[in-house]
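K.L.:
There's a structure below that I have some questions on.
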Amino acid sequence: VWFSLALLRKPTALLIYLSGTIGLLSFFYVKYFGSIRHHGFLFILFITVAWVYQDCEEVKWFAPINRFSRVWGKSLSPILTIILIFNLIGGITAVRMDYRYVFSYGKATAAFIKERKMQDILMVGETDYAVSTIVGYLEKDRVYYPRGARYGSFVVWDEARTHGVSDDEVVQKAKELGTQSTQDVLLILNHALSRNLISHNSLTELAKFTGSAIGDEGFYLYLMRKE
């Protein structure tokens, strides 16, 4: 609201800002809510319009509106400076985090799988969007995603995958696929299985990669031997 009021005298800039903001928010709320890296497009739009604002043509409104808009517009520069200072502090914090922690364990997990020469066996991955990182590093054509009940490499963001699956369903599906193909199955999850589920299904925990900056991209590997 503050920025829109500051743009009153420059309708071209105001139109760009409002149409872009409404379009992005509509997509987030209707199609895919996203996360902070997606919401950053709103900030990029804000910075872009603030950049071109000075070169947009000014329109004269009623005298009171002109005076209000002129005074209000003077707040743009100092407030923008304050916002950028806070972003500088946030950027330094992000760099420190990136230096201290692994961003994602997708690459390390894929390297472990390759070292064990297991990249060609049947794989079951949950949760799909996290496991797809590993699939990319393995350059593998497909793994089985219980969320969506299908084989694939990248994630298809459709309604079929919106129905969650329990750990027990994941394990049972892996057992079914292993029986059909008569081969070992590698389960890749971004969370740990319960001890009861491991012992009752003769699973072997091969490795775990935890503590990543992106919490969803720490991984647990379990091997299910063919029966």
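The values are calculated or read from the model by the stated rules, or taken from the named source; none is laboratory data. Since this is a predicted model, take the numbers as computed values, not measurements. Heads up, the Cβs are rebuilt from the backbone with ideal geometry, glycines too, and the neighbour counts pull from every protein chain shown. Areas reflect the complete protein model, heavy atoms only, side chains present, ligands, DNA and RNA absent. Shrake-Rupley method; radii C 1.70, N 1.55, O 1.52, S 1.80 Å.
K.L.:
Name the residue from 143, 104, 72 whose Cα lies farthest towards the positive end of the charge dipole of the stretch 27-184, charges +1 on Cβ of Lys and Arg and -1 on Cβ of Asp and Glu.
P.N.:
Of the options given, the answer is 72.
K.L.:
Give, in nm to one decimal, the length gained when the segment between residue 48 and residue 156 is fully stretched (0.36 nm per residue of separation minus the Cα-Cα distance).
P.N.:
Details: separation 108, 0.36 × 108 = 38.88 nm, distance 3.16 nm.
Full-extension gain reported as 35.7 nm.
K.L.:
So which aspartates and glutamates can residue 10 reach, going by Cα to Cα under 18 Å and dropping same-chain residues fewer than 8 places off?
P.N.:
Those aspartates and glutamates meeting the cut-off are 55, 57, 58.
K.L.:
In a Gaussian network model over the chain where Cα atoms closer than 10 Å are linked, find which of 193, 42, 138 has the largest mean-square fluctuation.
P.N.:
The residue that fluctuates most here is 42.
K.L.:
For residue 115 paired with residue 172, estimate the spin-label separation in nm (one decimal), with each label point 7 Å from Cα along the Cα-to-Cβ line.
P.N.:
Calculated label separation equals 3.6 nm.
K.L.:
At R0 = 25 Å, how high is the FRET efficiency between residue 140 and residue 28 if r is their beta carbon distance? Nearest 0.05 is fine. Working shown, then result.
P.N.:
Numbers: r = 31 Å, r/R0 = 1.25.
According to the calculation, E is roughly 0.20.
K.L.:
Assuming a viscosity of 0.890 mPa s and a temperature of 25 °C, what translational diffusion coefficient in µm² per second does Stokes-Einstein assign to the stretch 1-82, Rh being the Kirkwood radius over Cα pairs? Provide the component values of the computation, followed by the final result.
P.N.:
On the way: Rh = 13.6 Å.
In µm²/s, the coefficient is 180.
K.L.:
Looking at the stretch 8-51, I'd like the Rg to Rh ratio, where Rg is from alpha-carbon atoms and Rh is Kirkwood's inverse mean 1/r. Spell out each step's value before the answer.
P.N.:
Details: Rg = 11.2 Å, Rh = 10.9 Å.
Here the Rg-to-Rh quotient is 1.03.
K.L.:
Round to a whole number: what % of the accessible area of the chain belongs to carbon and sulfur, probe 1.4 Å?
P.N.:
Working: 8540 of 14070 Å².
Taking all protein chains in place, the chain shows 61 percent carbon and sulfur surface.
K.L.:
Residue 200 to residue 180: FRET efficiency via 1/(1 + (r/R0)^6), r the Cβ-Cβ distance, R0 25 Å, to the nearest 0.05? Kindly include the intermediate steps, with their values, before the conclusion.
P.N.:
Values: r = 21 Å, r/R0 = 0.83.
So, using R0 = 25 Å, E works out to roughly 0.75.
K.L.:
Averaged per residue, what accessible area in Å² does the stretch 74-227 show with a 1.4 Å probe, protein chains only? Write down the numbers at each step before the final one.
P.N.:
On the way: 9040 Å² over 154 residues.
On a per-residue basis, 59 Å².
K.L.:
Return the whole-Å distance between the Cα centroid of the stretch 4-82 and the Cα centroid of the stretch 120-169.
P.N.:
So the separation of the two Cα centres works out to 40 Å.
K.L.:
With a 1.4 Å probe and every protein chain left in place, tell me how much accessible area residue 182 has, in Å² to the nearest 10.
P.N.:
Per-residue accessible area (residue 182): approximately 100 Å².
K.L.:
Inverting the mean 1/r over all pairs of different Cα atoms, compute the Kirkwood radius of the chain and quote it in Å. Before the final figure, lay out the partial values.
P.N.:
Values: mean 1/r = 0.0468 Å⁻¹.
Over the chain, the inverse of the mean reciprocal pair distance is 21.3 Å.
K.L.:
Name the residues whose placed amide hydrogens come within less than 5 Å of the amide hydrogen of residue 151, ignoring near sequence neighbours (fewer than 5 apart) on the same chain.
P.N.:
145
K.L.:
Another question, if that's okay. Just the Cα atoms of the stretch 43-138: what Rg and Dmax do they give in Å?
P.N.:
Calculated on Cα positions, Rg and Dmax stand at 24.9, 76 Å.
K.L.:
Could I ask something else about it? Within the set of other residues whose C-beta is less than 13 Å from the C-beta of residue 164, count the net charge using Lys and Arg as +1 and Asp and Glu as -1. The partial results should precede the final answer.
P.N.:
On the way: positive: 147, 161; negative: 126, 128, 159, 167, 168, 169.
Here the count lands on -4.
K.L.:
To the nearest 10 square angstrom, what accessible area does residue 121 show with a 1.4 Å probe?
P.N.:
Taking all protein chains as shown, residue 121 has close to 40 Å².
K.L.:
Kindly provide the chymotrypsin sites (Phe, Trp or Tyr not before Pro) of the stretch 1-69 that DSSP labels as loop, not H, G, I, E or B, and whose Cβ sees at most 16 other Cβ atoms within 10 Å.
P.N.:
Details: sites: 2, 3, 17, 27, 28, 29, 32, 33, 41, 43, 46, 51, 53, 61, 62, 68; in loops: 32, 33, 61, 62.
Within the stretch 1-69, the qualifying chymotrypsin sites (Phe, Trp or Tyr not before Pro) (loop, at most 16 other Cβ atoms within 10 Å) are 32, 33, 61, 62.
K.L.:
Sum up the lysine pairs in the stretch 69-215 that clear both bars: alpha-carbon distance under 23 Å and a spacing of 8 or more or different chains.
P.N.:
Number of lysine pairs found: 14.
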